[in-house]
Number of protein chains: 2
Amino acid sequence: MARQTRSAVEGSVNGVDVDRLKSTGEAMKAVPGLAKFTFRVNNRWMKGALNRTTIGDFHGAGAENHRDGFVIDNAQPALVAGGDEAPNPVEYLLHALVGCLTTTLVYHASIQGVRIQAVESQVEGQLDMRSFLGVREDYPGGFEGVNVRFQVKADCSEAELAHLMDVARRRSPVANFVLRAVPTSVTCEAM
Amino acid sequence: MARQTRSAVEGSVNGVDVDRLKSTGEAMKAVPGLAKFTFRVNNRWMKGALNRTTIGDFHGAGAENHRDGFVIDNAQPALVAGGDEAPNPVEYLLHALVGCLTTTLVYHASIQGVRIQAVESQVEGQLDMRSFLGVREDYPGGFEGVNVRFQVKADCSEAELAHLMDVARRRSPVANFVLRAVPTSVTCEAM
């Protein structure tokens, strides 16, 4: 099937409901308050390096949105004094980053009528553990570098693909979070 | 049981193998190269907003470390044109942030012999979806703010707890990632 021109794209492309995406975008353009979303997670420490997150309702499009929700665990491998029951937080962060880039790429390809056959990616993050473990006093001690590699198969030119990847990098919320500091507060109270 | 003094802490505290944590730290102090870890994830697009991450081996303490590994999915709620099969990347990011802060808090409390009964937390992230959906052209479009609230029950004073939370905020790798920009590269090739 020949690729549709941009103006002709409708229905589902790459499994993305483009009509819904476009009508949502139009509504947000008309009423910017509808674009204000709040995502939430709750976490509870279990033991050692094991803690459990519950994810449910979120606020978006001017209303509370109910979901049955999800439960996911953080842990650490034995080498980092954990029981290896689940991925560790650093791995979840890389998962969030690459997943958000992928979804943003796929959504914008779909809006433009570009059919995608495959998207694969590999991410590596380098970390010096001495700050985390308290044996080095200079802060901060986060990632020293992160590398993301993508391979994409789609019915577009290499130039169009490079443009789509650029759109993904700029419009992905998690990539934006990672690429710059954001206002973040952390409070703690005894109970 | 009375709280142990710092020098007397040994064995397992709060389910954390403090002996292992300390010997690992000492080894890294002696041979800094052992502290260089590389965490990796691989991702594959499934359809629409659904993509799948595989997490397995990592490099650390001077060697490749094998794990059977984990498989986790990213999705989007229906309101964001997804099938809601899993949390979305933004929620995973908040999960990583709060989990890393919790583990860093628990590890350093354990090293200091502070017994913990409970740690609970709630995270909210505010996001304007217009950049993601392509209806606003000013970049960047990530989180506008993130708030993390902790409640901790432990056998220490409020001042000691405040200090532990400060240590967690400064030494948590994910918090460091979130609080500042890190060198991040994204490449893309056609296949």
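Some values worked out for this structure:
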read-out: Inter-chain Cβ neighbour average for residues A:152-164, partner chain, 10 Å; value: 2
read-out: Among B:68-79, B:96-107, the order from most to least packed when residues are scored by Cβ within 10 Å on average; value: B:96-107, B:68-79
read-out: Relative contact order, percent, the stretch A:1-107 [alpha-carbon distance under 8 Å, six or more residues apart]; value: 16 percent
read-out: Where B meets A: accessible area buried, both sides, 1.4 Å probe, Å²; value: 12200 Å²
read-out: Partners for B:Lys36 among aspartates and glutamates (Cα-Cα distance below 12 Å; same-chain residues under 8 apart left out); value: A:Asp128, A:Glu144, B:Glu64
read-out: Average other protein chain Cβ within 10 Å of Cβ, residues A:67-77; value: 5
read-out: Mean separation of Cα contacts under 8 Å, 6 or more apart, over the residue count of the stretch B:63-170: relative contact order %; value: 23 percent
read-out: The stretch A:48-174: C-alpha gyration tensor shape, a/c 1.5 cut-off, then a/b vs b/c; value: oblate
read-out: Reach of B:Lys47 by Cα under 14 Å, taken over aspartates and glutamates that are not fewer than 8 positions away in the same chain; value: A:Asp17, A:Glu120, B:Asp73, B:Asp84, B:Glu85
read-out: Average beta-carbon neighbours from other chains, 10 Å sphere, peptide A:81-87; value: 6
read-out: Within chain B, helix-based [θ] at 222 nm, where runs of 4 or more DSSP H residues each add -39,500 (n - 2.57), nearest 500; value: -10000 deg cm²/dmol
read-out: Of all accessible heavy-atom area on the stretch B:4-64, the percent that carbon and sulfur account for (1.4 Å); value: 51 percent
read-out: Value of relative contact order over chain B, rounded to a whole percent, pairs C-alpha under 8 Å and six or more apart; value: 17 percent
read-out: Accessible area of B:His59 in the full protein assembly, 1.4 Å probe (Å², nearest 10); value: 60 Å²
read-out: Stokes-Einstein diffusion coefficient of the protein assembly as shown, Kirkwood radius over Cα pairs, 4 °C, 1.567 mPa s, in µm²/s; value: 61 µm²/s
read-out: Spacing of the two label points (7 Å from each Cα toward its C-beta) at B:Arg20 and B:Ala78, in nm; value: 4.4 nm
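The values are calculated or read from the model by the stated rules, or taken from the named source; none is laboratory data. This is a predicted model, so every value here is computed, not measured. In this analysis, Cβ positions are derived from the backbone assuming ideal geometry, glycine residues included, and neighbour counts consider all displayed protein chains. We work out accessible area using only protein heavy atoms, side chains counted, and drop any ligands, DNA or RNA first. Shrake-Rupley method; radii C 1.70, N 1.55, O 1.52, S 1.80 Å.
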